[in-house]
Amino acid sequence: MAKIHVTDREGRKLDIDAKDGLTLMEPLRDVADGVEALCGGMCSCSTCHIFVSPEWSAKLPAAKDDEMELLQGSECYKPGESRLACQVRVSAALDGLSLVIAPAE
């Protein structure tokens, strides 16, 4: 299990416990003002867009082409920080990760 530090769309800070093996999308879907995840984690929308703190970006697996295509088409894309929560698997290595939920588009 990893403790994830989240800033929601209203600027509120909260900590969530995320179970290993899930994607970040799953616990973030349950947060008030969390991610919508309309495609259910199929990497076919960008409604689970998050900004990962720069110090954590390099610790995550690289985004694949389909994820990058969706992110780069987003109005609020931030190179080096933008990720889709459905494409990041939770593990103990993510304990302490800080992220911000991107604005809804």
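The values are calculated or read from the model by the stated rules, or taken from the named source; none is laboratory data. What you see is a predicted model; the values in this text were computed from it and never measured. Quick reminder, even Gly has a Cβ in these numbers, built from the backbone with ideal geometry, and neighbours come from all protein chains shown.
Worth a mention:
- Within the range 48-76, no residue that is on the phi > 0 side of the Ramachandran plot sits with its Cβ atom under 7 Å from a residue that is surrounded by fewer than 17 Cβ atoms within 10 Å (Cβ to Cβ) at 6+ positions apart or across chains.
- Odd one out for K64 among (1) of a type in the set (K, R); (2) modelled with pLDDT of 95 or more; (3) surrounded by 13 or more Cβ atoms within 10 Å (Cβ to Cβ): (3)
- Options A2, A37; residue that is on the phi > 0 side of the Ramachandran plot and buried (at least 17 other Cβ atoms within 10 Å of the Cβ): A37
- Taking the criterion of being of a type in the set (D, E, K, R) and either in contact with a strand residue (DSSP E or B) (Cβ under 7 Å, 6 or more places away or on another chain) or modelled with pLDDT of 95 or more (or both), no residue of the range 37-61 qualifies.
- E26, sole failed condition from (1) over 14 Å from the mean Cα position of the chain (by Cα); (2) crowded, with 17+ Cβ neighbours inside 10 Å; (3) of a type in the set (D, E): (1)
- Residue in the range 72-82 that is under 24 Å from D15 (Cα atoms), of a type in the set (G, A, S) and surrounded by 18 or more Cβ atoms within 10 Å (Cβ to Cβ) present: yes
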